[in-house]
1. Just checking, how many residues over segment 85-100 are modelled with pLDDT under 55 and of a type in the set (Ser, Thr, Tyr)?
Amino acid sequence: METNKDIQSKIDKVLGTVDGINEVKVSPFFKDKAMQRLFTEKEEQNTVWSWFTPKMQLATLVCVVLLNVMAFSQLSSSSYNDNVGDFAETFGLSTDTETETILFN
(Lines give C-alpha, C1' and ligand atoms only; values in the text may rest on other atoms or scores of the structure.)
Protein backbone atom coordinates (compact mmCIF):
# COMPACT_ATOMS: atom_id res chain seq x y z
CA MET A 1 0.00 0.00 0.00
CA GLU A 2 2.98 2.28 0.46
CA THR A 3 3.58 2.27 -3.30
CA ASN A 4 0.02 3.44 -3.91
CA LYS A 5 0.56 6.40 -1.53
CA ASP A 6 3.84 7.15 -3.24
CA ILE A 7 2.19 7.11 -6.67
CA GLN A 8 -0.68 9.24 -5.40
CA SER A 9 1.77 11.81 -3.99
CA LYS A 10 3.62 11.97 -7.33
CA ILE A 11 0.32 12.50 -9.18
CA ASP A 12 -0.65 15.27 -6.76
CA LYS A 13 2.76 16.90 -7.22
CA VAL A 14 2.38 16.88 -11.05
CA LEU A 15 -1.13 18.30 -10.87
CA GLY A 16 0.11 20.96 -8.46
CA THR A 17 2.65 22.17 -11.00
CA VAL A 18 -0.11 22.73 -13.54
CA ASP A 19 -1.70 25.24 -11.16
CA GLY A 20 1.54 27.23 -11.15
CA ILE A 21 1.42 27.97 -14.88
CA ASN A 22 0.70 31.65 -15.51
CA GLU A 23 -0.03 33.68 -18.62
CA VAL A 24 3.12 34.82 -20.40
CA LYS A 25 3.62 38.55 -20.81
CA VAL A 26 4.59 39.29 -24.40
CA SER A 27 5.40 42.54 -26.12
CA PRO A 28 2.50 43.70 -28.32
CA PHE A 29 4.88 43.93 -31.31
CA PHE A 30 6.40 40.46 -30.87
CA LYS A 31 4.45 38.97 -33.78
CA ASP A 32 5.43 41.83 -36.10
CA LYS A 33 9.12 41.50 -35.18
CA ALA A 34 9.08 37.73 -35.68
CA MET A 35 7.35 37.98 -39.06
CA GLN A 36 9.78 40.67 -40.18
CA ARG A 37 12.76 38.45 -39.29
CA LEU A 38 11.28 35.52 -41.18
CA PHE A 39 10.71 37.52 -44.33
CA THR A 40 14.13 39.20 -44.29
CA GLU A 41 15.83 35.78 -44.07
CA LYS A 42 13.97 34.57 -47.16
CA GLU A 43 15.10 37.63 -49.12
CA GLU A 44 18.73 36.97 -48.18
CA GLN A 45 18.47 33.43 -49.50
CA ASN A 46 17.14 34.66 -52.83
CA THR A 47 20.04 37.10 -53.28
CA VAL A 48 22.39 34.19 -53.95
CA TRP A 49 20.75 33.48 -57.32
CA SER A 50 19.77 37.10 -58.09
CA TRP A 51 22.47 37.39 -60.78
CA PHE A 52 20.95 34.46 -62.71
CA THR A 53 18.13 36.52 -64.21
CA PRO A 54 15.84 35.25 -66.99
CA LYS A 55 17.97 37.12 -69.56
CA MET A 56 21.06 35.31 -68.30
CA GLN A 57 19.20 31.99 -68.34
CA LEU A 58 18.18 32.56 -71.97
CA ALA A 59 21.74 33.47 -72.97
CA THR A 60 23.07 30.34 -71.23
CA LEU A 61 20.49 28.17 -72.97
CA VAL A 62 21.40 29.62 -76.38
CA CYS A 63 25.11 28.99 -75.73
CA VAL A 64 24.49 25.40 -74.69
CA VAL A 65 22.30 24.74 -77.74
CA LEU A 66 24.89 26.26 -80.11
CA LEU A 67 27.66 24.22 -78.50
CA ASN A 68 25.64 21.04 -78.93
CA VAL A 69 24.86 21.84 -82.57
CA MET A 70 28.53 22.47 -83.30
CA ALA A 71 29.56 19.25 -81.56
CA PHE A 72 26.96 17.26 -83.44
CA SER A 73 28.02 18.72 -86.79
CA GLN A 74 31.67 17.85 -86.06
CA LEU A 75 30.66 14.35 -85.01
CA SER A 76 28.68 13.69 -88.16
CA SER A 77 31.34 15.16 -90.49
CA SER A 78 34.17 12.91 -89.31
CA SER A 79 33.97 9.23 -89.95
CA TYR A 80 34.36 6.45 -87.44
CA ASN A 81 37.37 4.93 -89.21
CA ASP A 82 39.25 8.22 -89.15
CA ASN A 83 38.68 8.54 -85.41
CA VAL A 84 39.78 4.97 -84.75
CA GLY A 85 42.86 5.47 -86.94
CA ASP A 86 43.82 8.64 -85.06
CA PHE A 87 43.37 6.84 -81.77
CA ALA A 88 45.52 3.92 -82.90
CA GLU A 89 48.29 6.20 -84.13
CA THR A 90 48.27 8.22 -80.94
CA PHE A 91 48.74 5.21 -78.71
CA GLY A 92 51.01 3.29 -81.09
CA LEU A 93 48.47 0.60 -81.93
CA SER A 94 48.56 1.02 -85.71
CA THR A 95 49.89 -1.79 -87.89
CA ASP A 96 51.37 0.06 -90.85
CA THR A 97 53.63 -2.21 -92.93
CA GLU A 98 55.90 0.72 -93.84
CA THR A 99 56.65 1.38 -90.18
CA GLU A 100 57.49 -2.26 -89.55
CA THR A 101 59.89 -2.44 -92.53
CA ILE A 102 61.66 0.72 -91.43
CA LEU A 103 62.20 -0.68 -87.97
CA PHE A 104 63.73 -3.90 -89.31
CA ASN A 105 66.10 -2.23 -91.76
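1. Residues flagged as modelled with pLDDT under 55 and of a type in the set (Ser, Thr, Tyr) within segment 85-100 amount to 2.
So that you can scan it fast, the table gives a plain yes or no per residue for (1) surrounded by 10 or more Cβ atoms within 10 Å (Cβ to Cβ); (2) modelled with pLDDT of 90 or more; (3) in a helix (DSSP H, G or I):
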{"residue": "13", "(1), (2), (3)": "no, no, yes"}
{"residue": "21", "(1), (2), (3)": "no, no, no"}
{"residue": "52", "(1), (2), (3)": "yes, no, no"}
{"residue": "58", "(1), (2), (3)": "yes, yes, yes"}
{"residue": "83", "(1), (2), (3)": "yes, no, yes"}
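The values are calculated or read from the model by the stated rules, or taken from the named source; none is laboratory data. Here the structure is a predicted model, which is why all the values come from computation and not from measurement. For neighbour counting, all protein chains shown are included, and Cβ atoms are generated from backbone atoms with ideal geometry for every residue, glycine included.
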